[in-house]
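**Q** Quick one: the structure is below, and I'll ask about it shortly.
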Amino acid sequence: MFLVMFGPPGAGKGTQARRLVKRLQIPHLSTGEMLREAKAKGLDVGLQAAQYMDQGRLVPDQLVVDIVIARLQQPDCSHGCLFDGFPRTIEQARLLDEELHARGLKINLVIELVVDFGEVERRMLQRAQQEHRVDDTPETIGRRMSVFRKQTAPLLDFYRQQGVAESIDGMGHPDEVFDRLAHCVDRHMQSQEA
Ligand code: AMP
C-alpha cells in the first residue's frame with residue numbers, strides 16, 4: 001500500500017508517520033529527512049538542496065523526484081511505503097504517478113491532517129527551540145506556510161479527483177490523532193478487501 005501523509009509544516013506528519021510505518025511495516029520516505037541526510041553527508045544533491053531548504057523554499061521538483069525514485073527502486077519499497085513531505089507540488093505528484101503506473105502501482109491513500117494554522121505555527125516555534133533546525137526561524141516558518149498554501153495545498157484537489165484523499169482531525173494529543181489515523185487506514189484497507 002502506497003500512502004501519502006499530507007498537511008502543512010508542523011501538522012505532526014513526521015510524528016504520525018513514524019508510528020504508522022511501525023504498524024504497517026512499510027518504509028517511511030521523508031524527503032525532508034533524506035535531503036537533510038544528503039546535506040550532512042556533504043553530497044552534491046544535499047548541498048544543492050540546502051540552498052533552498054535553509055530559506056524555507058521548495059527544492060526543485062526534479063531533484064526531489066530523482067531522490068525518491070532512486071529510493072523506490074530499493075526492494076523494501078516494492079509493496080508499499082509511506083511518503084511524508086512528498087509530493088509537495090502537482091508536478092511532483094504527476095511524476096510520482098507516472099513512476100508508479102509504469103510498475104502497475106498507484107497511490108492508494110492520501111491522508112490530510114487538518115490543523116489550525118495558529119496551532120501549527122505554535123508547534124513549529126516550539127520545535128525550533130528544541131531542534132535548532134536552520135529552517136525553523138520565524139521568517140522561514142512564515143515562508144514555508146505561504147509555500148504550503150500556494151504550491152502544496154492545491155494537491156489535495158488533485159488527489160480528491162482520483163478519489164484517494166481522506167481528511168482527519170490533526171488537533172489534540174498525538175495519541176488521539178494516531179487513533180483517528182489508524183481507524184482511517186483500517187477502514188480503507190477493509191473497503192479494499194471487500
Ligand atoms: P520537511 O522536513 O518535510 O519540513 O522539509 C524540510 C525542507 O526540505 C522543506 O522546507 C523544503 O525546502 C525541502 N523539501 C522536503 N520535501 C520536499 C519536497 N517534496 N519538495 C521540495 N522541497 C522539499
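**Q** Given the chain, what percent of its DSSP beta bridges are antiparallel, to the nearest 5?
**A** Around 0 percent antiparallel, to the nearest 5.
**Q** In the stretch 1-103, what chymotrypsin sites (Phe, Trp or Tyr not before Pro) fall in a loop by DSSP, with at most 11 other Cβ atoms inside 10 Å?
**A** none
**Q** Right, here's the next one. Which of Leu181, Leu109, Leu100 moves the most in a Gaussian network model of the chain with Cα springs under 10 Å?
**A** Result for the chain, Cα springs under 10 Å: Leu100 fluctuates most.
**Q** So who's got an amide H within less than 5 Å of the one on Val110, skipping anything under 5 residues away but keeping other chains? H placed 1.01 Å off N, in plane.
**A** Val4, Ala165, Glu166
**Q** To the nearest 500 deg cm²/dmol, what mean residue ellipticity at 222 nm is calculated for the chain from DSSP H runs of n ≥ 4 alone, each contributing -39,500 (n - 2.57), summed and divided by the residues?
**A** Value at 222 nm, helices only: -17500 deg cm²/dmol.
**Q** Additional query: Give me the compactness ratio for the chain, meaning the Cα radius of gyration over 2.2 N^0.38 Å.
**A** Relative to the 2.2 N^0.38 Å estimate, the chain comes out at 0.99.
**Q** Further, regarding this structure: Taking the chain as a Gaussian network, Cα atoms linked when under 10 Å apart, which of Pro75, Pro174, Pro154 shows the biggest mean-square fluctuation?
**A** Pro75
**Q** Between the DSSP loop rule and a limit of at most 13 other Cβ atoms within 10 Å, which trypsin sites (Lys or Arg not before Pro) in the stretch 106-155 are left?
**A** Counting only loop positions with at most 13 other Cβ atoms within 10 Å, the trypsin sites (Lys or Arg not before Pro) in the stretch 106-155 are Lys106.
**Q** Then there's this: Given springs between every Cα pair under 10 Å in a Gaussian network model of the chain, which of His173, His28, His101 has the largest fluctuation?
**A** His173
**Q** Computed FRET efficiency, Cβ-Cβ of Arg122 and Asp175, R0 22 Å: what is it to the nearest 0.05?
**A** The formula returns an efficiency of 0.70 here.
**Q** Distance from a point 7 Å along Cα→Cβ of Asn108 to each backbone N in the stretch 174-193: keep the residues under 13 Å and list them by number.
**A** Once the point is set 7 Å along Cα→Cβ of Asn108, 185-193 turn out to lie under 13 Å by backbone N, inside the stretch 174-193.
**Q** Now a separate question. In 10 Å bins starting at zero, report the fraction of Cα pairs in the stretch 34-90 per bin as a rounded %.
**A** It works out to 21, 54, 23, 2, in whole percents.
**Q** Taking the dipole about the Cα centre of the chain, with the C-beta of Lys and Arg at +1 and of Asp and Glu at -1, give me whichever of Gly172, Val68, Thr140 is farthest to the positive side.
**A** Of the candidates, Thr140 comes out farthest on the positive side.
**Q** Say R0 is 45 Å: what FRET efficiency, to the nearest 0.05, do Arg57 and His79 get from their beta-carbon distance?
**A** 0.85
Each value in this text was obtained by applying a stated rule to the coordinates, not by laboratory testing. All values derive from a computational prediction rather than experimental measurement. Backbone-built Cβ (ideal geometry, glycine too); neighbour counts: all protein chains shown.
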